[in-house]
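Chemist: Would you mind keeping the following structure in view while I ask a few things?
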Amino acid sequence: MNITIYTSDHCSACREAIQFFQEYGIPYRQLDVGYDKWNFDEMLRLGGIATPLIIVGSQTFHTFDPKKMEEALQRHDG
C-alpha cells in the first residue's frame with residue numbers, strides 16, 4: 001500500500017498524521033511542500049489546498065482524521 005503525506009513545518013495535523021503511521025508501523029512517504037516547489041505544485045495538482053494532504057492507495061484525504069485513516073487502511077487490507 002502506498003501512503004504519501006504532503007506536509008509543512010507549521011502543520012500540527014501533519015505531525016499527528018505522521019505519529020499515527022509511525023505508531024502503527026505503517027510505512028509512508030513524506031513530502032514537504034514548504035521547501036520544495038515541485039512537491040507544492042504536485043499537492044495542488046492533486047486538489048490539495050492545505051496540509052496535510054494524505055494519499056492512501058487511491059484515496060485522497062484533505063485532513064487528518066484517525067478514524068477515517070483506520071477505516072481506509074482496513075478497506076485496503078480487507
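The values are calculated or read from the model by the stated rules, or taken from the named source; none is laboratory data. Keep in mind it's a predicted model, so treat the numbers as computed, not measured. Because the Cβ atoms are built from the backbone with ideal geometry, glycine has one as well, and the counts that use them run over all protein chains shown. To get the accessible areas, we keep the full protein, side chains included, count just its heavy atoms, and leave off ligands, DNA and RNA. Shrake-Rupley method; radii C 1.70, N 1.55, O 1.52, S 1.80 Å.
Chemist: For the chain, what proportion of DSSP beta bridges, expressed in % and rounded to the nearest 5, is antiparallel? List each step's numbers first, then the result.
Modeler: Working: 7 of 11 bridges.
Bridges in the chain are about 65 percent antiparallel.
Chemist: Just add up the charged neighbours of residue 5: K/R +1, D/E -1, any other residue whose Cβ is under 13 Å from the Cβ of residue 5.
Modeler: Numbers: positive: 15, 29; negative: 16, 32, 42.
Net charge in that neighbourhood comes out at -1.
Chemist: Which of 24, 46, 11 sits closest to the plus end of the dipole of the chain, meaning its Cα is farthest towards the positive end, when Lys and Arg get +1 and Asp and Glu get -1 on the C-beta?
Modeler: Value computed over the given set: 46.
Chemist: How large is the charge dipole for the chain, taken about the Cα centre, if only the Cβ atoms of Lys, Arg (+1) and Asp, Glu (-1) carry charge, to the nearest 20 debye? Don't skip to the answer; put the middle values down first.
Modeler: On the way: 7 positive and 11 negative charges, 28 e Å.
In total the dipole reaches around 140 debye.
Chemist: Counting heavy atoms of the protein chains only and a 1.4 Å probe, report the per residue accessible area for the chain as a whole number of Å². Walk me through the intermediate numbers first.
Modeler: Working: 4980 Å² over 78 residues.
That works out to 64 Å² per residue.
Chemist: For residue 30, list long-range residues whose amide hydrogen, built 1.01 Å from N in the peptide plane, is under 5 Å from its own amide hydrogen.
Modeler: 5
Chemist: Pulled fully out, how much extra length does the chain show between residue 44 and residue 26, if you take 0.36 nm times their separation in residues and subtract their Cα-Cα distance?
Modeler: Values: separation 18, 0.36 × 18 = 6.48 nm, distance 2.49 nm.
Length gained between residue 44 and residue 26: 4.0 nm.
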